[in-house]
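Working notes, beginning with the structure itself.
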Amino acid sequence: MADYTPQAAAIVVKGGDICIVSTSGGKGWVIPKGHLRHGAELHETAAMEAWEEAGVKGKVNPEPVGEFTYKKKGENFHVTTFEIKVSEISASWPEQDKRRRKWIRIDEAAGVVRYRQLREILADMAAQNAGNGARLQDSQVLVNAGASQPSY
């Protein structure tokens, strides 16, 4: 059996939408994710990644939504995903020059993100949230412009 590097990911939810970010190479869409931080729990790492990659903060549910695996440059990763309910959306964030942020309906996200297992997790969430109909509007006010560090 292959060794897997643990990662944590954030499914950032605002109404019936989630936040997706461009991959580091800019060729696709994913959810904010990254390596487990020294001394941090997986759900705390997910919150840190949501801030760094997407500029969002919120309440993280410490119970995982799901898990998926992927391979990149010969390395295997095991990703645990956590739902974060948005409380703040910043106009600036640490990786804003590397990644684009996009809000998309949960049911649509399953069709555009990389990784088959992640698409399945999002499709399950969409089915659970069917009928919600809420959409984050582009005109919604941004908060914490220029914030340098999130509070976890």
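The values are calculated or read from the model by the stated rules, or taken from the named source; none is laboratory data. Source: prediction; values computed, not measured. As a convention, Cβ positions derive from the backbone with ideal geometry for all residues, glycine included, and neighbour counts pool all protein chains shown.
Here is how the numbers come out for the structure above:
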| quantity | calculated |
| --- | --- |
| Subset of the range 65-83 [more than 16 Å from Gln128 (Cβ to Cβ) and either touching a strand residue (DSSP E or B) at 6+ places or on another chain (Cβ under 9 Å) or modelled with pLDDT of 95 or more (or both)] | Glu67, Phe68, Thr69, Tyr70, Lys71, Glu75, Asn76, Phe77, His78, Val79, Thr80 |
| The one condition in (1) within 26 Å of Ala127 (Cβ to Cβ); (2) out of contact with any helix residue (DSSP H, G or I) (no Cβ under 6 Å at 6 or more places or on another chain); (3) among the basic types (Lys, Arg) that Lys72 fails to fulfil | (1) |
| Of all residues making up the range 65-96, the number that are in a loop (DSSP other than H, G, I, E, B) and closer than 17 Å to Cys19 by Cα | 8 |
